[in-house]
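The values are calculated or read from the model by the stated rules, or taken from the named source; none is laboratory data. All figures in this text were calculated on a predicted structure; none of them were measured in a lab. Using ideal geometry, Cβ is built from the backbone for each residue, glycine included, and neighbour counts are taken over all protein chains shown.
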Amino acid sequence: MTKTLTLVPPQHPLRGAVAPPGSKSITNRALLLAALANGTSRLSGALKSDDTHHMANALRHMGVVIDEPDATSFLIRGTGGLKAPSEPVFLGNAGTATRFLTAAAALANGVVVITGDDHMQKRPIAPLVTALDQLGVTASAPTGCPPVTVEGRGRFEGDSVTVDAGLSSQYISALLMLAAGGSRPVHVNLKGEAIGARGYVDLTCAAMRHFGARVEELNAATWVVQPGGYSAADMRIEPDASAATYLWAAEVLTGGVIDIGTAASAFTQPDARAHALISQFPHLPREIDGSQMQDAVPTLAVLAAFCAAPVRFTGIANLRVKECDRVAALANELSRLAPGLAIEDGDDLVVTPLPADRFQAAEIETYADHRIAMSLALAGLMVPGVTIKDPDCVNKTYPAYWQDLRSLGVVMSMHGT
């Protein structure tokens, strides 16, 4: 039997305090950088979820000693390099870990095979493989998606690389983190200036500097990274901004007050920009460019369903190559709640609010995508009978999501095994 979860719309504003988990983006960057450093680093406030466990376990298979002294900490003993594992490195559907380790595998001595589940094997990685070739790294991905085979030599010789990051900023981030392991300065160049979620590249550079690397942004399309590798450092991980968007949305949908313990202005992650939009509910802008806060788009799209006027989401073509095609998924699943509620218009998503009596109970397909599950659950705060299929997929980034909603007073029932 398929597991499902049905929410009951609360008859009162949601009030309380909830601490979102640590940032997935920062945790996975810090795990890799600490592994590549010489010495012991402690990460506190870190996310413990499917994605970060995949990253940590992969690094363990590559010779890094990683302990987990408590529920939000990692202790990483880096030796300045990685070992080639005897078996393929399996990363589930963890996109950040897959892209980052594909590049970092160049620093291992021996052949490294990076692979993932069926979903990951449909997510593009060819631009990164092409870029690695420019640095003299032999890598191949016959389908253009994982599995990827990298022939690591413990080093690389190239000093300049140009990558098309139109599909994902993670390609740039992966190359930047690798570049510090070069023998001379490495220029990392963007092909054109189109890049999805540029703010995550800034996040990468900040993490690199924290671990002692020297990286400089020369212009909008060029970075230079000096040789020298990384140094061990302790790091406190900030809460996950993408996770925070669900709580901010739950607050405005129910007219409540939810204290997440961190001011929106204190976040460094780009998805925190969504707070300014969420605060405008029920009067979101008629057009929202989601290109620089992509993981917040599902949250905003569900909010738009209960707004005063239609909202068009632009700049979101990259959402088609996430854990699922999120543009299609949002259109399909919102329209289960009310036919015509959301439509695809090219690569845009248009959400047109409808009267309350047009909404209906519905089973929501989640496509094994944590963000579809968590965002569509917000509709269950407003519409009776919203049932989320495969609710455990939230374990990818926010394992305590359902418990946190319950702690705020949301009633829900779980069915199946």
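Things worth noting here:
This table checks each residue for (1) aliphatic (A, V, I, L, M); (2) closer than 28 Å to L75 by Cα; (3) in the same structural domain as P185 (by TED's automatic domain parsing).
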residue: E216; (1), (2), (3): no, no, yes
residue: G228; (1), (2), (3): no, yes, yes
residue: A250; (1), (2), (3): yes, no, no
residue: T254; (1), (2), (3): no, no, no
residue: Q269; (1), (2), (3): no, yes, no
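- Evaluation of D159 against the conditions (1) in contact (Cβ under 8 Å) with a residue 24 or more places away in the chain; (2) under 16 Å from L91 (Cβ atoms); (3) surrounded by fewer than 24 Cβ atoms within 10 Å (Cβ to Cβ) shows that the sole unmet condition is (2).
- Scanning the stretch 169-187 for residues that are more than 25 Å from the chain's Cα centre (by Cα) and surrounded by fewer than 24 Cβ atoms within 10 Å (Cβ to Cβ) yields G182, S183, R184, P185, H187.
- The residues listed here are A71, A35; of these, the one that is touching a residue at least 12 places away in the same chain (Cβ under 8 Å), out of contact with any Pro (no Cβ under 7 Å at 6 or more places or on another chain), crowded, with 24+ Cβ neighbours inside 10 Å and not charged (D, E, K, R) is A35.
- Residue in the stretch 5-25 that is more than 22 Å from E251 (Cβ to Cβ) and surrounded by 23 or more Cβ atoms within 10 Å (Cβ to Cβ) present: yes
- Criterion: surrounded by fewer than 18 Cβ atoms within 10 Å (Cβ to Cβ), closer than 15 Å to N318 by Cβ and out of contact with any strand residue (DSSP E or B) (no Cβ under 7 Å at 6 or more places or on another chain) - qualifying residue of G166, G228: G166
- Just one of (1) part of a helix (DSSP H, G or I); (2) free of Cβ contacts under 8 Å to residues at least 60 places away in the same chain; (3) within 21 Å of P239 (Cα to Cα) fails for T96. It is (2).
- Residues of the stretch 218-243 satisfying the condition of being within 23 Å of the chain's Cα centre (by Cα) and either in contact (Cβ under 8 Å) with a residue 60 or more places away in the chain or more than 13 Å from S173 (Cβ to Cβ) (or both): A220, A221, D234, M235, R236, I237, E238, P239, D240, A241, S242, A243
- Selection within the stretch 378-412: residues that are in contact with a helix residue (DSSP H, G or I) (Cβ under 9 Å, 6 or more places away or on another chain) and without any contact (Cβ under 8 Å) to a residue 60 or more places away in the chain. The member of this set that is surrounded by the most Cβ atoms within 10 Å (Cβ to Cβ) is V394.
- The residue that is surrounded by the fewest Cβ atoms within 10 Å (Cβ to Cβ), counting only those in the stretch 319-377 that are of a type in the set (S, T, Y) and in a helix (DSSP H, G or I), is S335.
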